[in-house]
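The values are calculated or read from the model by the stated rules, or taken from the named source; none is laboratory data. The structure displayed is predicted, hence computed values, not measured ones. As a convention, Cβ positions derive from the backbone with ideal geometry for all residues, glycine included, and neighbour counts pool all protein chains shown. The accessibility values were calculated without ligands, DNA or RNA, using every heavy atom of the protein model including side chains. Shrake-Rupley method; radii C 1.70, N 1.55, O 1.52, S 1.80 Å.
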Amino acid sequence: MINHHLPSPEPLHRAIARFGGVTALVVGDFILDRFVNGVIERISPEAPIPVLHGRGEMLAMGGAGNVVSNIVSLGAAAIPVSVIGADKAGDDLMRMLGELGAETFGLSQQRDRMTSSKSRFSALNQQVLRFDEEEVKPLNAGERSTLVEHFRTALARADIVILSDYGKGMLLDGVAGELIAICREAGKPVLVDPKGRDYARYAGATAVTPNRKELGEAVGRAVFADDEIVAAARDLISAHGFDFVVATRSEKGMSVVEPDDARHIATQAREVFDVSGAGDTVIATFALALAAGADRVQAGSIANAAGGVVVGKRGTARLTVEELTGALFRSHGPVTHKDAILDASAAARMVAAWKEEGLTVGFTNGCFDILHAGHVSLLHAARSQCDRLVLGLNSDASVRRLKGSGRPVNDQHDRACVLAALASVDAVVVFEEDTPLALIEALLPDILVKGADYTIDKVVGADVVQKAGGRVVLVDLVAGKSTTGTIGRMRATN
C-alpha cells in the first residue's frame with residue numbers, strides 16, 4: 001500500500017514536547033568544520049588565482065558531531081562515542097562538545113589518528129575553495145576494543161542509537177555490524193546514516209536513511225518515482241533485514257517504507273541556501289521523535305519538517321525546537337479541535353513557535369462549566385485581540401475546590417472538547433492549581449484577557465505579562481452581568 005495521508009499535527013507536537021527526556025547515543029565519524037569568510041579584491045602576482053582577504057572564521061562540528069549538535073539543540077541528551085586524533089582539530093571538537101553539554105567520556109583521542117577537518121573558504125557567501133585534512137583508515141584492534149567498551153557503557157543509558165557513517169574509518173571492517181548486534185541484543189533501536197554502496201555492513205539495523213541518489217546506488221539502478229523508491233527500499237529491507245527504510249528525496253520530501261506499507265511525505269517549498277548537514281538534522285530529529293513515542297510516519301513528518309528548515313540556512317546548521325514547531329505549523333496547518341487540547345509543556349512549545357512566526361498570542365482562563373452565550377462572546381472578543389488564543393481551563397479538582405463538591409457539572413475532558421471546537425480557541429490547557437499563574441508564567445502570552453468586573457491588580461498574572469512587555473485587556477460587561485454575561489466593548493491596559 002502507498003499512502004500520501006499526513007498524520008494529525010497534535011501527536012507530532014506531543015512527541016516534540018518529550019524530546020527533553022530522550023538520550024541518544026551517536027557513533028561515527030566526527031569532523032571539524034572550519035568556515036573562513038573574506039573578500040576577493042585582486043589576483044595574486046604569484047599565480048593566476050584570486051587572493052582571499054580573511055575577515056573572520058567560525059568552527060562547527062560536522063559529520064557525527066553535527067548529529068550531536070542537533071540533538072542537543074532540540075533539547076535532548078547526546079552521548080558521542082568515537083575515536084579522534086590527539087591533535088588541534090580533535091582538541092577543538094572535545095572543547096566544543098563540552099561547551100555543548102554533551103558527555104565526552106566516549107571519545108578517545110589517539111596520537112596516530114588524524115581528526116578529519118574540512119575548511120571552507122568563502123567570499124561574499126560564495127564558496128571558492130574547500131581544503132580537507134583527513135586520513136581514512138579503519139580502527140586498529142586497541143581502538144576498536146576501546147570504542148566497543150565505551151559503546152556498551154553508554155548504551156545502558158541510551159534510548160536510541162545513531163550510526164553516522166561518513167566513510168572516514170570508524171564503522172569499517174565490521175564495526176557497524178558489531179555495534180548493531182549489541183543494540184539488537186539490548187533491544188535498543190539503531191538508525192544508520194549510510195555511506196557507500198554496500199549496505200550489508202549495516203545488516204540488522206532498525207532502519208537506514210539514504211537520500212535518493214544513495215538509495216539508487218545501493219540497489220544498482222536509478223530511482224526517481226514513488227514506486228521506484230518503494231521497490232528499491234524493499235529490496236534493501238529484504239536483503240539486509242532492516243525493519244524499514246527512510247529515503248530522503250530533496251524537494252520531493254521523504255518516503256518511509258516498510259515491508260507492507262509506504263508513506264510519502266511532501267516537503268514545503270522554500271529557498272535552499274545550503275544542504276550541508278541536512279541529513280544529520282533529519283536522522284537526529286527522526287531518532288528523537290521515534291524515541292519520544294512517535295510512530296514511523298509521525299517521526300518522518302517531524303524529520304521532514306526539520307530538513308526543510310536547515311536547507312534554508314547557511315553552513316552546517318543546528319535546529320531549535322521553536323524552528324521545528326513553526327515548520328510543522330506551516331506544513332501541517334493548525335491543529336484540529338480534537339488535537340487542540342495540550343498539556344502545559346506542549347502548549348509552551350506551541351506558543352514559542354507562534355511567537356517565532358511573528359503571531360501575537362492571547363490567554364484567558366476560567367472553569368467554563370456550563371458553556372453559554374456569555375462565554376462564547378467573551379472568547380470571541382478575546383480572540384479578536386490576538387492571532388492565537390490559548391484557554392486555561394480549571395481541572396475538575398480545581399473547580400470543586402473553588403465552587404463546591406457539586407461541581408463541575410461537566411468533567412474536564414468534556415469541557416475541553418467543547419471549548420476546543422470553538423473557532424475562537426486555538427488551544428486548551430487544563431491546569432490543576434486554583435489559579436493559572438504557573439501556566440501564565442510558562443506561556444508568557446502577549447495579551448491577557450479578563451472580564452471588566454476585575455481590576456488590573458486583581459487579575460492573576462497581570463504583573464507577569466506586563467513585565468514581559470505584554471498587555472492586559474479587560475472586557476467591559478453589560479450592566480448587571482458577571483464575566484459569564486454578555487460582552488460589550490473592551491479596553492486595554494499596558
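Extending 7 Å from the Cα toward the beta-carbon at both D261 and E432 defines two label points whose distance is 3.3 nm.
Of the solvent-accessible surface of the chain, computed with a 1.4 Å probe and all protein chains present, 51% belongs to carbon and sulfur. Once the C-beta distance of A141 and K88 is scaled by a Förster radius of 30 Å, the resulting FRET efficiency is 0.65 to the nearest 0.05. Can you give me the accessible area per residue for the chain, using a 1.4 Å probe, in Å²? Per-residue accessible area for the chain comes out at 42 Å². The alpha carbons of the range 203-310 give a radius of gyration and a Dmax of 12.9, 37 Å, in that order. The Cα atoms of the range 103-192 cover 50, 28, 24 Å along the three principal axes, with the biggest extent listed first.
Report the full-extension gain for the segment E178 to L402: residue separation times 0.36 nm, less the Cα-Cα distance, to one decimal in nm.
Here the answer is 74.6 nm.
Amide H contacts of Y166: D29, each under 5 Å away and 5 or more positions distant or on a separate chain (H built 1.01 Å from N in the peptide plane; Pro and chain starts excluded). Computed on the Cα atoms alone, the convex hull of the chain gives a volume of 182 cubic angstrom per residue.
The convex hull around the C-alpha trace of the range 369-484, projected and averaged over every direction, spans 7.1 square nanometres.
Using R0 = 25 Å, the C-beta based FRET efficiency linking R55 and T320 works out to 0.40. For the range 393-459, the spread of Cα positions along the three principal axes, ordered from largest to smallest, is 32, 27, 24 Å.
With 0.36 nm allotted per residue and the present C-alpha distance subtracted, the D463-A186 stretch has 94.6 nm of extension available. Plugging the Kirkwood radius over Cα pairs into Stokes-Einstein for the range 379-431, at a temperature of 37 °C and a viscosity of 0.692 mPa s, what D comes out in µm²/s? Approximately 279 µm²/s, per Stokes-Einstein.
Pairs with C-alpha atoms separated by more than 29 Å, drawn from the list K118/K355; K195/K252; K118/K213; K88/K168, are K118/K355. May I ask for the angle, rounded to the nearest 10°, between helix 226-240 and the longest principal axis of the chain, with both axes built from Cα atoms and the value confined to 0 to 90°? Value to nearest ten degrees: 60. Taking a ≥ b ≥ c as the square roots of the eigenvalues of the alpha carbon gyration tensor, the range 15-156 is oblate, as a/c is not under 1.5 and a/b does not beat b/c. As a rough guide to protection, the peptides 140-150, 112-122, 439-449 ranked by mean Cβ packing within 10 Å, highest first, stand as 439-449, 112-122, 140-150.
What is the Cα convex hull volume of the range 1-73 when expressed per residue in Å³?
Spread over its residues, the Cα hull of the range 1-73 gives 255 Å³ apiece.
Summary of the geometry: the range 15-92 and the range 444-460, compared by the centres of their Cα atoms, lie 47 Å apart. Between the range 178-192 and the range 372-414, the C-alpha centres lie 48 angstrom from each other.
A cut-off of 5 Å between modelled amide H atoms, ignoring neighbours fewer than 5 places along the same chain, links V223 with G216.
A Cβ-based charge dipole, computed about the Cα centre of the chain with Lys and Arg at +1 and Asp and Glu at -1, lands at about 940 debye.
Measure nothing fancy, just the Cα-based angle from helix 88-100's long axis to the longest principal axis of the chain, in degrees from 0 to 90, nearest 10. Between the helix axis and the principal axis of the chain, the angle is about 20 degrees.
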